[in-house]
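K.L.:
I have a structure I would like to understand better, so I am pasting it below and will then ask my questions one at a time.
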Amino acid sequence: MSTIAEALRRIQDRIAQAATAAGRSPDSITLVAVSKTHPSESVLEALAAGQVVFGENRVQEAEQKFPALRPAHPLLRLHLIGALQTNKARQAVRVADIIESLDRPKLAASLAEAISREGQKPRMLIQVNIGREPQKAGIDPDAVEDFLGLCRETHGLDVEGLMCIPPAEGDPTPHFRTMAAMAARLGLKTLSMGMSGDFETAIAEGATHVRVGTAIFGHRPYPAG
């Protein structure tokens, strides 16, 4: 069975090849290793291989795994990438370096209050429902500019970019292209898009961050029941 270190090396090679093919520097792409549902031992194995940026979906799981790892790994950075409930805002602010799932005014207000109380200020990405899928989280593409203004001007949030999960069916290229154009128009430098199955396409269209889980850690060991 492939080790996590070997899997990371393969993904990094593919990122470098995709970046070079797009006329970009491989150093301009950040790999977010999505460790959700995988144990701390897997994160430690990835850390030993040089990976320092991780993604988690659930605040409670992130709290259980990452604070204990930080003292020995000061370069570690944690992205929260899953839907975030307003009542988890303070926990999210405490544990995360970047919150990628900012998607509604009520959450923006809750995060601003949490930042004021906790004295920590994670950076934020606005999650865009680029495919306008009713079952998915994210703000409508047409509402992003106004929402960005609200987040920055009303709540003082440090919004630096956009995130999306395109529809599972069909070619993601048009969605990635729309996201890149939107980020450029709004002057946002960070663009988190692309996962295990499509990150090379995302890089070709301008992604600065790609979120890869299964191709690094294997299939997730979901608990029974």
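K.L.:
Listed residues Lys36, Lys88; which is among the basic types (Lys, Arg), touching a strand residue (DSSP E or B) at 6+ places or on another chain (Cβ under 7 Å) and not in a strand (DSSP E or B)?
P.N.:
Being among the basic types (Lys, Arg), touching a strand residue (DSSP E or B) at 6+ places or on another chain (Cβ under 7 Å) and not in a strand (DSSP E or B) holds for just one of Lys36, Lys88, which is Lys36.
K.L.:
Also, I was wondering about something else. Do we find a residue being more than 19 Å from the chain's Cα centre (by Cα) and over 27 Å from Ala137 (Cα atoms) anywhere in the range 50-67?
P.N.:
Looking for residues that are more than 19 Å from the chain's Cα centre (by Cα) and over 27 Å from Ala137 (Cα atoms), one finds none in the range 50-67, hence no.
K.L.:
Please go through (1) part of a helix (DSSP H, G or I); (2) over 19 Å from His209 (Cα atoms) for Lys136 and return the number of the only condition it doesn't satisfy.
P.N.:
(1)
K.L.:
Moving to a separate point now. Please verify whether the range 152-175 includes one or more residues that are of a type in the set (Ser, Thr, Tyr) and under 20 Å from Ala21 (Cα atoms).
P.N.:
Yes, there is a match, as at least one residue in the range 152-175 is of a type in the set (Ser, Thr, Tyr) and under 20 Å from Ala21 (Cα atoms).
K.L.:
Among all residue pairs at least 6 apart or on different chains, which show Cβ distances below 7 Å where the first residue, located in the range 89-100, is surrounded by fewer than 23 Cβ atoms within 10 Å (Cβ to Cβ) and the second is acidic (Asp, Glu)?
P.N.:
Hits for this filter: Arg90/Glu118; Gln91/Glu63; Arg94/Glu118.
K.L.:
Under 6 Å by Cβ, and 6 or more places apart or on different chains, what pairs join a residue from the range 32-49 that is surrounded by fewer than 24 Cβ atoms within 10 Å (Cβ to Cβ) with one that is of a type in the set (Gly, Ala, Ser) and assigned to a helix (DSSP H, G or I)?
P.N.:
Ala49/Ala5
K.L.:
Which pairs do you get when a residue that is modelled with pLDDT under 95, found in the range 136-148, comes within reach of a residue that is basic (Lys, Arg) and in a helix (DSSP H, G or I), reach meaning Cβ atoms under 6 angstrom, with the pair 6+ apart or on two chains?
P.N.:
Between residues of the range 136-148 that are modelled with pLDDT under 95 and residues that are basic (Lys, Arg) and in a helix (DSSP H, G or I), there is no close pair.
K.L.:
Within the set of pairs 6+ apart or on separate chains, which have a first residue in the range 174-189 that is farther than 20 Å from Gly149 by Cα, a second that is among the hydrophobic types (A, V, I, L, M, F, W, C) and in a helix (DSSP H, G or I), and C-beta atoms under 7 Å apart?
P.N.:
From residues that are farther than 20 Å from Gly149 by Cα, the pairs are Phe176/Ala202.
The values are calculated or read from the model by the stated rules, or taken from the named source; none is laboratory data. Keep in mind it's a predicted model, so treat the numbers as computed, not measured. Note that each Cβ is placed from the backbone with ideal geometry, even for glycine, and that neighbours are counted across all protein chains shown.
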